[in-house]
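Notes for the one structure printed next.
Any read-out appearing in this document is the output of simple, stated calculations on the displayed coordinates, not a laboratory observation. Here the structure is a predicted model, which means the values were calculated and not measured. Methodologically, a virtual Cβ is constructed for each residue, glycine included, from the backbone with ideal geometry; neighbour enumeration extends over all protein chains shown.
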Amino acid sequence: MPIHTYLRLFFALFSFMVASHGAAEAYLLSTSQITQQMVKKLGRVKAVKLTETETFFSAASEGAAEPRVVEGELTLQRPDRFYDLLFEGEKRVETYGTVDDWFRVVDGKRVEGSAGPSESYIEPLQLRSRDLFRAALLKWNVDVETTSLGRHNGRIAWVVGAKAFQPEMADAPQFWVEKESFLPMRWILPTSSGATLEVWYHDWFKQGNASWPGRIEFYRNGFLFREIRMADVKRTKALADHRFDAERYPLKGAVENQTPLSAPPENPVEQPPSEGEKRLQELEEILSRDSLAF
């Protein structure tokens, strides 16, 4: 075959590939279109309480320690409030959040800190509004002007924030929505420590007019460190406004302004912590030692 024929075939194939790529790009949905379909499929609820079981797995460097399993309840209220409770007996770890605020209360005392990347898992369940969820994407530095199609675990997804098949964007902040169902599928968020957090949503089910994930997994650099299983979803009462006033909870470690009734002993005897206090301390360590844990 003459060389000029080869050249014509080459340029024809090249032109076809460029045109096909352009056509594929032209059919990509925008972030606004993707999130609009997502919130429609998720459905809206006034106030619900989800019963959950959370499992915390030790890091590989910590040896084969037994996973820590705690019970919990997650209350969501339209448009943007949530209340998360983890408990063991009478010991409680409570987290309060809105689109603009977040704080944690441990056994009745407020602790210093701010929401970490793992808190992002609540937002698709909580912010069932296109505008509110767009604000959440921007908060986590997701590039809402960039969308693509990607594949994860054999499923095709709309990707907000990255070009799925470009290696240099693999760790960029991004949110994945399953292409056919338009249900949340995957968060990818870098952290200040340099690690990459991934949140995967599984086993979606419908309760009334709303959809919920039966299982949520959390990975740090590919290692599973936390899992949430949703057992039940029920309607509940609205959360009282005063509960979201952080100042009503005494700050843990602060010296209370009280006059003692009698002088303390010169050499007080330090009481060993009870079994319940030990369990609470262990849970606090899990929550505080790794910024990715919460």
| Rounded to two decimals, what ratio of Rg to Rh does segment 188-245 give with C-alpha atoms and a Kirkwood Rh? | 1.12
| request: Starting from the amide H of Arg186, placed 1.01 Å from N in the peptide plane, find each other amide H under 5 Å away whose residue is 5 or more places distant or on another chain. | output: Trp176, Tyr201
| Which whole-Hz couplings ³J(HN,Hα) result when phi for each residue of segment 133-150 is put into the Karplus expression 6.51 cos²θ - 1.76 cosθ + 1.60, θ = phi - 60°, listed in order with x for Gly and Pro? | 6, 4, 4, 5, 4, 5, 4, 8, 6, 7, 6, 6, 7, 10, 9, 7, 10, x
| task | Could you order peptides 235-245, 185-195 by the average number of other Cβ atoms within 10 Å of their residues, highest first? | result | 185-195, 235-245
| request: Would you mind ranking Val160, Val177 so that the residue whose beta carbon has the fewest other beta carbons within 10 Å leads the list? | output: Val177, Val160
| Ranking Thr75, Thr35 by Cβ neighbours within 10 Å, fewest first, what do you get? | Thr75, Thr35
